[in-house]
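All remarks here apply to the structure that follows.
Laboratory data are not the source of any read-out in this text; all were calculated from the coordinates shown. In this text the structure is predicted, and so the values were computed from the model without any measurement. Note that each Cβ is placed from the backbone with ideal geometry, even for glycine, and that neighbours are counted across all protein chains shown.
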2 protein chains.
Amino acid sequence: MVINQGIEHFNSPLYLESGRILESYDIAYETYGNLDKKRSNAIVVFHALTGSQHAAGRYENDNKSGWWDPLIGDNKTIDTTKYFVICANILGGCNGSTGPMSIEYSSGKSYRLKFPVITISDIVKAQQNLFKRLGIEEAFAIIGGSLGAMQALCCSIEYPNFTKRVILLAGTYATSPWAISFNKIAMEGIVNDPRFKNGQYEADDFADEGLFGLALGRMVGHISFLSPYSMRKKFDRNYVDTDGLYELFGRFQVERYMEYNGYNFSKRFDPLSYLYIIKAMNIFDATRNYESLSDSLGFIKAKLYLIAFKGDLLFLPEDMETIKDTIISLGKKNMVEFAYIDSDYGHDAFLVEYDKFDMYIKKALDEEF
Amino acid sequence: MVINQGIEHFNSPLYLESGRILESYDIAYETYGNLDKKRSNAIVVFHALTGSQHAAGRYENDNKSGWWDPLIGDNKTIDTTKYFVICANILGGCNGSTGPMSIEYSSGKSYRLKFPVITISDIVKAQQNLFKRLGIEEAFAIIGGSLGAMQALCCSIEYPNFTKRVILLAGTYATSPWAISFNKIAMEGIVNDPRFKNGQYEADDFADEGLFGLALGRMVGHISFLSPYSMRKKFDRNYVDTDGLYELFGRFQVERYMEYNGYNFSKRFDPLSYLYIIKAMNIFDATRNYESLSDSLGFIKAKLYLIAFKGDLLFLPEDMETIKDTIISLGKKNMVEFAYIDSDYGHDAFLVEYDKFDMYIKKALDEEF
């Protein structure tokens, strides 16, 4: 499978939900597989909070594959010999798409905290412009987990003719206060870190040591992605070192895991971008511009395939069920399927338990309309 | 009900589990009700992580009552017209008992980070010395929730003749990696806060503004005490202010709640004490000095009354059930009772849902042996 990278520049303004305007912007993306002549085989993949457009494949000299590599590739569930897969870095991100550290045209300087608040709707709108630019008027399917599921749901409401198949994993129709409170820890950590300098840091300030505040945000993120059960299975009460006194004074494996992942993440991810993305997550509410959830979901024309995970505390399976029930209450019982996956992995399951859910994705892609 | 305050000074050394020694130490406490002539009506209450010896009653000019006031008082479930109730501030605490900011006799200075690591066993041992000093050789019952339940369980294993009735709420036999990971956020927050000065702060440095790192620890603590369900019930997605644009850019109620409680807490609680107590929590494992859980629980002579709460993610009801099953497997089925309380409040339920569990406490106190 070949990885194709692209970046598109848009010179026409993007009108944001907040009322503010981005005069111009870039959207970076990757594609895998080939677009067929009818331009009818595109599958859009939306990435999650800390993901990127690098969804699949592996670059030379890179020891890690894309974040959904087990699913996407030649002869895999999302088969790149058959489909043209595209994944775009979200607006506000830090992997090539326009975000807070991008240069503002009018001032010639980075936006930083002057960057406008971005919503999921804005992210989806910018992506639609990318797809149009690439000649994709309609996608065969769209799919996303977590923040990616928010984009997929938003897209299905606001662009109801864009696709017939919408697959949501570990998603919700509105971010819960539980999730907002985890994000709050990250926000407080970042803005109170002296090295964050109220957003006036240099782009390479954190390349070596990372940024404590963002590391902390990532650590607390890890808690929210996991569950008491998956943590016990993974770490139990194991110590990093178990000789004698160390057992009393020493570090637990789970502590080392959090430190390692937290600080490493903070070396590669932009803290301002993180702030803007968690804000976009917090304010996601599919009912905001509608009378009710029933009203907003009523706009959807595609079939929804919902994949929820037991023990997902961040985006409760109950919320996915509410989406299902709402669609059914609209008299569209055959336009929704709900798979409830038994997993101890909590929210993270959509990045781990492929064997338990890939058949539902396959089924969705195989269904004909 | 009269609140009696006391503080006892101990000049004989306390030998700690770590091998280190406290040359002398103080234990501060409160009592309610009167000790009868036979000294047989004492109920020991153990406080949780951020609690104190002020378990019940209200001081003049104080707008808050003790942390278990709905349960403890004249004619209440723990009836102070009948029982003599005693609650001691834990060793390592910051409400009068010896802790890291106490003066080390040999140096004449505060211990700070030279304070020895304290375990639940050490805390219980110091309290036993207090009870002996007060002439209480045997307690009518002992009771505690959360970290207090750890003390009660430890006491029942290590001092099996001390009482016949042990009531544990929202407890566990060993702290889970999930709980350790929440504590990790607090530890990282505190030790990385520049104003913490590696423990060399002045005692009143945080009285006005609080300490960010500890506030963060308290905020993440609040998440762990609650549940996705109780948060939704309490805050939903409500904004602090809902006019126009504010809805997009503004603060959520849950964010304000966390800020308010986090920073207020950090004005009144000592950060070093917090570090030592969460360390004591992390390393609590009732099996540490035993072959197995069955081995350690085998020492218990008292009857165990276990009260677990559905949705307690911090100390899983399953762990309380493991305690029950272990006691039963020891052939002591009539020495354990297990109440599983349906609650959306998560771990916090033992401080909230009195109506749902006070009858189990009453039943335990009424049972005769």
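Figures for the structure shown
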quantity: Dipole magnitude (debye, nearest 20) for chain A, charges at Cβ of Lys, Arg, Asp, Glu; calculated: 640
quantity: Under 5 Å, built H, 5+ apart or other chain: amide partners of residue A:167; calculated: A:142, A:143, A:144, A:305
quantity: Whole-Hz couplings from phi, Karplus 6.51/-1.76/1.60, listed for segment B:48-64; x for Gly and Pro; calculated: 8, 2, 10, x, 8, 5, 7, 7, 8, x, 9, 7, 4, 6, 10, 8, 10
quantity: Inter-chain Cβ neighbour average for residues B:168-177, partner chain, 10 Å; calculated: 3
quantity: Segment B:179-281 - Rg (one decimal) and Dmax (whole number), Cα, Å; calculated: 15.3, 48
quantity: Loop GluC sites (Glu not before Pro), segment B:318-369, which have at most 11 other Cβ atoms in a 10 Å radius of their Cβ (DSSP); calculated: B:368
quantity: Ordering of B:89-96, A:286-293, A:184-191, B:296-303 by packing [mean C-beta count within 10 Å, highest first]; calculated: B:89-96, A:184-191, B:296-303, A:286-293
quantity: Calculated [θ] (222 nm, deg cm²/dmol) that DSSP helices of n ≥ 4 give over chain A, each run adding -39,500 (n - 2.57); calculated: -10500 deg cm²/dmol
quantity: The protein assembly as shown pair-distance distribution - Cα-Cα, 20 Å bins, rounded %; calculated: 16, 46, 28, 9, 0
quantity: Distance between segment B:327-341 and segment A:289-352 - C-alpha centres, whole angstrom; calculated: 40
quantity: Projected area, mean over directions - segment B:106-181, Cα convex hull, nm²; calculated: 6.9
quantity: Packing-based order for A:36-48, A:7-19, using average beta carbon neighbours within 10 Å, highest first; calculated: A:36-48, A:7-19
quantity: Relative contact order of chain B, pairs being alpha-carbon contacts under 8 Å that are 6 or more residues apart, as %; calculated: 17
quantity: Long-range HN-HN contacts of residue B:139 with modeled amide H, under 5 Å; calculated: B:163
quantity: Across the identical copies, how the residue A:23 labels are spaced - nm, sorted shortest first, 7 Å along Cα→Cβ; calculated: 7.1
quantity: Sites matching trypsin sites (Lys or Arg not before Pro) across segment A:44-121 that sit in DSSP coil, with at most 13 neighbouring C-beta atoms within 10 Å; calculated: A:64, A:109
quantity: Peptide-level mean, for B:217-227, of C-beta atoms on other protein chains within 10 Å; calculated: 3
quantity: Shortest-first distances to equivalent copies, position residue A:137, nm, label 7 Å out along Cβ; calculated: 9.4
quantity: Share of Cα-Cα pairs in chain A lying beyond 38 Å, as whole percent; calculated: 15
quantity: As computed over segment A:195-237, the Cα convex hull volume per residue (Å³); calculated: 97
quantity: Reach of residue B:76 by Cα under 23 Å, taken over lysines that are not fewer than 8 positions away in the same chain; calculated: B:37, B:38, B:64, B:164, B:303, B:356, B:362, B:363
quantity: Restricting segment A:115-172 to GluC sites (Glu not before Pro) in coil, as DSSP defines it, with at most 10 other Cβ within 10 Å; calculated: none
quantity: Interchain or long-range residues, amide H under 5 Å from residue B:201's placed H; calculated: none
quantity: Partner chain coverage, peptide A:111-119 - average Cβ within 10 angstrom; calculated: 1
quantity: For residue B:291, inter-copy label distances in nm, listed shortest first [label point 7 Å out on the Cα-Cβ vector]; calculated: 7.1
quantity: Phi to ³J(HN,Hα) by Karplus 6.51 cos²θ - 1.76 cosθ + 1.60 over segment A:259-275, Hz, x for Gly, Pro; calculated: 4, 4, 6, x, 5, 4, 4, 6, 7, 10, 10, 7, x, 5, 4, 4, 4
quantity: Table column - 3J(HN,Hα) (Hz), segment A:146-155, Karplus curve with 6.51, -1.76, 1.60, x for Gly and Pro; calculated: 6, 4, x, 5, 4, 5, 5, 5, 4, 4
